[in-house]
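J.: After the structure tokens below, expect a handful of questions from me.
The values are calculated or read from the model by the stated rules, or taken from the named source; none is laboratory data. None of these values were measured; they are calculated from a predicted model. All Cβ positions, even for glycine, are placed from backbone atoms using ideal geometry, and neighbour counts span all protein chains on display. Keep in mind that these areas ignore ligands, DNA and RNA; they rest on the heavy atoms of the full protein, side chains included. Shrake-Rupley method; radii C 1.70, N 1.55, O 1.52, S 1.80 Å.
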Amino acid sequence: MKPLYLMLSMFAIGLTSTAALAETASLSEAAALPNVSPANSELVNRGAYVARAADCMACHREDYSGGVAIETPMGDIYATNITPSKRYGIGNYTENDLKKALRKGRAPDHMIYPAMPYPSYHGMKDEDISALFAYLQTVPAIDEEPENKTDLPFPFNIRSLIFFWNIINLPAYETRDDLNPVQQRGEYLVNNLEHCGTCHTPRDSTMGADNSKYLSGAQLGNWYAPNITPDKSSGIGSWSENDIVTYLHTGELDQRAYAGGPMGEAVAHSTRYLTDEDLGAIASYLKVVPAIETQDTITEVDTASLPAPINASITHDLLAQDDYLTQAKAGVDSNSPEGLYLNVCASCHGVNGYAQPDAGYAPIVGLSSMRRKNPDTLINVIAHGVKGATNIRPNMPGFSEELSSEQIAAITNYVRVKFGGLQTSEVSAADVDSAMVVGSQKPFLIKYAGVLAIIGILVALMVLYFIIRAVLRSRRRP
Ligand code: HEC
Ligand code: HEC
Ligand code: HEC
């Protein structure tokens, strides 16, 4: 196993030391909005911003050609081509068609699966939809179908059934009337455009948003979107508004949090393009949503107990760092938790967790994923790796093939104590195994919908039989 990650990290360092610097520079202010140009009308440019704020690209891709798979318990649903192609895209849409698709989930000739967040877009303002429509007409048409097409098993392939789902689950949110104008803007961004709740609010048995647990954290396959209510013990109550803005802007918060996986995507495609006003509005609104305390408590970071950064003189000297790592490994049993960390992780994240500053790997000191009571996200990061979307360096590989569950548990415990600052951590090999299957568990109704639908059809046939029999009998009567 060793040569693989050594090679990876060497390759990575060579490739990225210059690129990383360029990237840091570009993230220090709101990223320039692609597709915005003075040649376009103001309406079109506003539409480009709305598309960013509503994160259409996360699923329809940066060129709107579609094809990203949305994993759902029913199977993968693929985003479609929404370029102005008449044949494969939405070139025949009127503005009103777009409005219906966004607010009601109705395309001109079919119902749209709620993998497209229309329950959130339901509250989108007229002027934003007009701007979006004007803008979408200016993007280059792509006359191709995405490679993959949605093909869900029975009964989910009957799109008209979505009608009943919509009756129960639309709209996803009500607006509050006790907010100031800034918070109102934040509410609109969080609930309607950015649809943060599609990941951070758990779903009920019908896969609709469970608003009694609004923004209090939800499982997303192998990831967990944490509690972002202002609760102090399990949410982000200790974050200042500025912290929230920094995180949404850069995907990182020093010694506190890191946006990997799905949140990395949200930052990369959307939040880093938002204006300071809009990010501030989101932060201000998140401070006034009801605080919800969950089981998944988070230990406050105790900076004093965290390892200090490596000495400044070797910070920019990669060979010296390599020596430093070799020294650290000397005399450490390579099968001990520390030895495993040094052998498997330290070539990228550094002996002290501050990463190779020049290579720009994620510093992992103090991260919230290490301080949570529930270690599942951390376990899955180690097992499956991370593909951060803002990351222009090589990704973090997964180690589920190379390491045993015992070894993953040992590393998890080691980093939680050393870099998370926890007193103890007692993750076992069995915890590792169960964390790795969490993502495949399905909510009751979805799992059994096949059975329920068959029962439903049997009941319907029986009713039909009795009706027909009754009709025939009444005819026979003289
Ligand atoms: C979380 C992923 C996601 C996001 C974000 C998203 N979409 Fe979609 N969208 C989908 C999926 C998946 C489908 C296809 C659903 C289906 O097959 O029923 C879809 C379908 C559509 C359709 C229907 C196309 C047709 O078949 O006629 C339109 C229009 C559309 N999206 C526009 C948008 C716009 C505009 C945005 C941004 C405001 C957006 N979408 C954001 C996932 C997404
Ligand atoms: C596609 C799913 C998705 C969307 C959309 C999304 N998030 Fe997240 N979010 C996540 C995941 C997953 C994490 C955990 C990241 C990690 O551990 O690397 C996260 C982490 C966070 C954190 C850090 C919490 C902590 O304790 O470390 C904050 C704050 C946050 N999200 C806010 C938001 C806001 C605000 C929005 C809307 C603008 C949003 N998220 C949209 C999935 C999402
Ligand atoms: C080949 C280099 C490499 C190796 C080896 C590596 N990582 Fe990473 N790690 C990364 C990169 C790059 C990121 C940032 C991911 C991104 O943004 O794409 C990261 C991110 C992380 C994160 C933050 C993820 C989050 O969203 O909270 C943690 C925690 C982490 N690594 C722990 C580890 C541990 C523990 C090991 C050893 C088992 C390890 N890494 C091995 C490169 C590596």
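J.: Can you work out which of the residues in the range 239-280 that are in contact (Cβ under 8 Å) with a residue 24 or more places away in the chain, more than 12 Å from A53 (Cα to Cα) and polar (S, T, N, Q) is farthest from ligand 3 (Cβ to nearest atom)?
T.: The extreme case among them is N242.
J.: Still on this model: Could you please find all residues in the range 399-429 being open to solvent by less than 30 Å² (accessible area, probe 1.4 Å) and within 17 Å of S347 (Cβ to Cβ)?
T.: Those that are open to solvent by less than 30 Å² (accessible area, probe 1.4 Å) and within 17 Å of S347 (Cβ to Cβ): F399, L403, I411, V415, F419.
J.: Continuing with the same structure: With respect to L319, determine if the residue is at pLDDT 90 or above, over 23 Å from the mean Cα position of the chain (by Cα) and part of a helix (DSSP H, G or I).
T.: No: the conditions fail for L319.
J.: Here are the criteria: (1) more than 19 Å from Y341 (Cα to Cα); (2) modelled with pLDDT of 75 or more. Tell me which single one L445 does not satisfy.
T.: It fails just one condition, (2).
Condition check ((1) farther than 27 Å from A209 by Cβ; (2) within 11 Å of ligand 1 (Cβ to nearest atom)) across all residues:
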site	(1), (2)
G75	no, no
N92	yes, yes
D97	no, yes
Y118	no, yes
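J.: Output the qualifying pairs, or none if there are none: Cβ atoms under 8 angstrom, residues six or more apart or on different chains, first residue in the range 416-431 and assigned by TED's automatic domain parsing to the domain that holds N352, second residue part of a loop (DSSP other than H, G, I, E, B) and open to solvent by 60 Å² or more (accessible area, probe 1.4 Å).
T.: From the range 416-431, the pairs are V417/Q423; V417/T424; G420/T299; G421/T299; G421/D302; L422/T299.
Here's the yes/no breakdown for (1) within 14 Å of ligand 1 (Cβ to nearest atom); (2) in a helix (DSSP H, G or I); (3) in contact with a Pro (Cβ under 8 Å, 6 or more places away or on another chain):
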residue	(1), (2), (3)
M207	yes, no, yes
Q219	no, no, yes
P230	no, no, no
I244	no, yes, no
M263	yes, yes, no
R272	no, yes, no
A281	no, yes, no
V289	no, no, yes
T294	no, no, no
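J.: Quick one: which of G353, G360 is assigned to a loop (DSSP other than H, G, I, E, B) and at pLDDT below 80?
T.: G360
J.: Quick check on my filter: what residues within the range 124-159 are touching a Leu at 6+ places or on another chain (Cβ under 9 Å) and crowded, with 18+ Cβ neighbours inside 10 Å?
T.: M124, D128, I129, A131, L132, F133, A134, Y135, L136
J.: Say we look at the range 87-111 and pick out the residues that are in a loop (DSSP other than H, G, I, E, B) and surrounded by 19 or more Cβ atoms within 10 Å (Cβ to Cβ); which of these is farthest from the chain's Cα centre (by Cα)?
T.: Looking at residues that are in a loop (DSSP other than H, G, I, E, B) and surrounded by 19 or more Cβ atoms within 10 Å (Cβ to Cβ), I get Y93.
J.: Could you say which residue among M74, M57 is of a type outside the set (D, E), in the same structural domain as I142 (by TED's automatic domain parsing), touching a His at 6+ places or on another chain (Cβ under 6 Å) and more than 16 Å from ligand 3 (Cβ to nearest atom)?
T.: The conditions single out M57.
J.: How many residues are crowded, with 18+ Cβ neighbours inside 10 Å and part of a loop (DSSP other than H, G, I, E, B) if we restrict to the range 69-86?
T.: 8
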